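Rule-based calculations on the coordinates, nothing more; no lab input. Just so you know, these numbers come straight off a predicted model, no measurement behind them. Here the Cβ is made from the backbone with ideal geometry for all residues, glycine too, and neighbour counts use every protein chain on show.
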């Protein structure tokens, strides 16, 4: 598996809608209106703000921090632990950008253990052709897409 060789982090920042994902133990399979918003912190880390409606329709939010890998532009280490606990070793997950299109409208993100994968877009809906192209990349990198989840997207950002 390999990440993109170059990533313009400032262009990657901003709001993304989750088009699809592999199941996650910390997110309901029936979650909807799933978004991720990335912004730069003053210290050069990335603020990660994930939001969705859970299966009961309740708004949820998870705030995390991403640390860019200085040697690999398309890789970050991400944690969602409370800030006071982020020093604990082995609590950060690898977050690799596997593909991003030239205009930074669509992105495929995964973990090198092939357990987690997300297809993200700047809009809440994408064409089947774009989705298939990005999912082909995932398959080529060894991901099993059998349990793929496509959350319902209304185009709204959840407020908490």
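What is the extension gain from residue 41 to residue 61, computed as 0.36 nm multiplied by their sequence separation minus the C-alpha to C-alpha distance, in nm to one decimal? Extra length from residue 41 to residue 61 when fully extended: 5.4 nm.
As a calculated quantity, the FRET efficiency between residue 125 and residue 80 at R0 = 30 Å, using C-beta atoms, amounts to about 0.65. Mean-square fluctuations from a GNM of the chain, with a 10 angstrom spring cutoff on Cα atoms, peak among 118, 148, 96 at 148. The distance linking region 87-160 with region 40-59 is 15 Å (Cα centroid to Cα centroid, whole angstrom).
Applying 0.36 nm per residue to the separation of residue 101 and residue 10 and subtracting their alpha-carbon distance, the gain on full extension is 31.3 nm. Any idea what % of Cα-Cα pairs in region 9-140 are farther than 24 Å? Counting pairs separated by more than 24 Å, the tail of P(r) holds 27 percent. Of the residues 59, 147, 68, the one that moves most in a GNM of the chain with alpha-carbon contacts below 10 Å is 147.
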